[in-house]
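The values are calculated or read from the model by the stated rules, or taken from the named source; none is laboratory data. Note that this is a predicted model, so its numbers are computed, not measured. Virtual Cβ from ideal backbone geometry, glycine too; neighbours counted across all protein chains shown. SASA here: full protein model, heavy atoms, side chains in, ligands and nucleic acids out. Shrake-Rupley method; radii C 1.70, N 1.55, O 1.52, S 1.80 Å.
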Amino acid sequence: MLLTNEEKATLDGKEGLARRKAMELLVKYGEALGAERLVDTNNVCVSITGRASLAGKTTGKVGDIDAVVSKFYLDSEEEFEIPRVKTYTCRLIRDMDPVHWELQGIAPGVHEESLKTERFGARIGMQLMHTCAPYLIGNVPVMGEHCAWIESSAVIYCNSVLGGRTNIEGMESATAAMLVGKTPDWGYHLDDNRLGTHLVEVEYQPESVMDWGLLGYYTGEIVQEYVPVYRGVRRAPNIARFKHHGAAAASSGGVEMYHVIGFTPEAHTLEQAFGRKKPVMTLKFGPAERRTAYDNLTSAKDNNVDFVMLGCPHNNLEELWNAARLLEGKHVHENTSLWIFTPRALKTIADLEGITEIIARAGGVLMTDTCPCIGRFSPKGTRTAATDSAKHAHYMPAILGLPTWFGSQADCIDAAVTGKWRGELK
Ligand code: F3S
């Protein structure tokens, strides 16, 4: 790999041990991937946790979290203090709601451990966003901006909707990137890899958020880690629709980038989306494909629903506002829990607007910072869940062992209020 003099100096330890280890990791990682160089980044998203199980494997001579980060994130035998981040770095989702952690079933010791990690993040200069959707609260990369982000649903949004450039980083490579402001120049940082590979003829117009989730889920399953190009979309989607679509495609497949002709920034035309490439496959999305995706997303059989989860990826204000309108004057069924997830920064606004109060008065809980699949929690005794998120419908059976219904936000709120699943594909 070709390194600049400045990068070589960091590798030689001129900027201290932590940055040397970070640079070593990035060079090894880049060489394994065939990257020819590193690229500067001033936009890193990471997720650092200081799990007790890992802290127990350190000497504890430096602070717990510093030791965990040096050993397990920077792959070092030595333990050292982690210096301030070198580049704009956001901490994404974590495993604990700051207020409702006891409801999540978190023990006081684990809560304290989580707070320690939060203090660590603040000390080294991280932005404590605590959401999987940083683009909802101000981290909105511009066209062509090189980033190093974790979290598949955020990565696909960054690449496809915003024109930012990132691969799905791991915690280790993102941690290294935050310390040196570099990331290997490969994958979606390169023009050629951003071109479309599969053409999707959209014959069924996706209108609702649910339709966009179904479109993504169907396509991801077929194209896997390639780049689909949608032709035939006539109406502009919006943030919630793109958000659900990307999360779904990244779950059923490993899609990190897509194009919608006329609506995403690198696909004004079909020619621009594919460049000099020809589609390797053409598929269609019509009523039958929509039905297939819907059926594949439902794993529940029991109509009694004890847990309704909304907010994957974290809800934006429009989704919270819609939920509040659906809940106004109603009450959640006594056998059912309704938990809605949003970034903490947006909850502050929801508090101000009375949205949190409407949800609480109806018996729901508005949570922040976390989600059931990342935190691995659900209300005690849950047997059957429901969600409006294709991503959570995909992962809840696998991660939490919960049979799950998938439907619209209105179907889910109806299930929360009646305790029964009555949703269907209309
Ligand atoms: Fe976010 Fe959790 Fe979904 S991290 S994308 S709410 S699985």
Using a 1.4 Å probe over the heavy atoms of the protein chains, calculate the carbon and sulfur portion of the accessible area of the range 5-191 as a whole percent.
-> 51 percent
For the chain, what is the percent of antiparallel DSSP beta bridges, rounded to the nearest 5?
-> 10 percent
So which trypsin sites (Lys or Arg not before Pro) in the range 1-40 are both in a DSSP loop and have at most 16 other Cβ atoms within 10 Å of their Cβ?
-> 14
³J(HN,Hα) computed for each position of the range 22-35 - Karplus, 6.51 cos²θ - 1.76 cosθ + 1.60, integer Hz, glycine/proline x = 4, 5, 4, 4, 5, 5, 4, 4, x, 5, 4, 8, x, 6
Mean Cβ count within 10 Å, highest first, over the residues of peptides 281-293, 318-330 = 318-330, 281-293
Ranked packing of 72-82, 217-227, most packed first, by mean Cβ within 10 Å | 217-227, 72-82
For residue 420, residues with placed amide H under 5 Å, excluding near neighbours = 305
So what are the ³J(HN,Hα) numbers for the range 157-174, from phi and the Karplus equation (6.51, -1.76, 1.60; θ = phi - 60°), rounded to whole Hz, Gly and Pro as x?
-> 5, 4, 5, 7, 8, 9, x, x, 10, 8, 8, 7, 7, x, 4, 5, 5, 6
Sum up the charges of everything whose Cβ sits under 10 Å from the Cβ of residue 160, counting Lys and Arg as +1 and Asp and Glu as -1, but leave residue 160 out.
-> -1
Given the peptides 64-70, 348-354, arrange them by the average over their residues of other C-beta atoms within 10 Å, most packed first.
-> 64-70, 348-354
Run the quick spin-label model on residue 277 and residue 37: label points 7 Å from Cα toward the beta carbon, then report their separation in nm to one decimal.
-> 2.3 nm
XL table 301/380; 14/71; 21/71; 116/347; 301/420; 243/391; Cα-Cα > 18 Å flagged, in table order, is 301/380; 14/71; 116/347
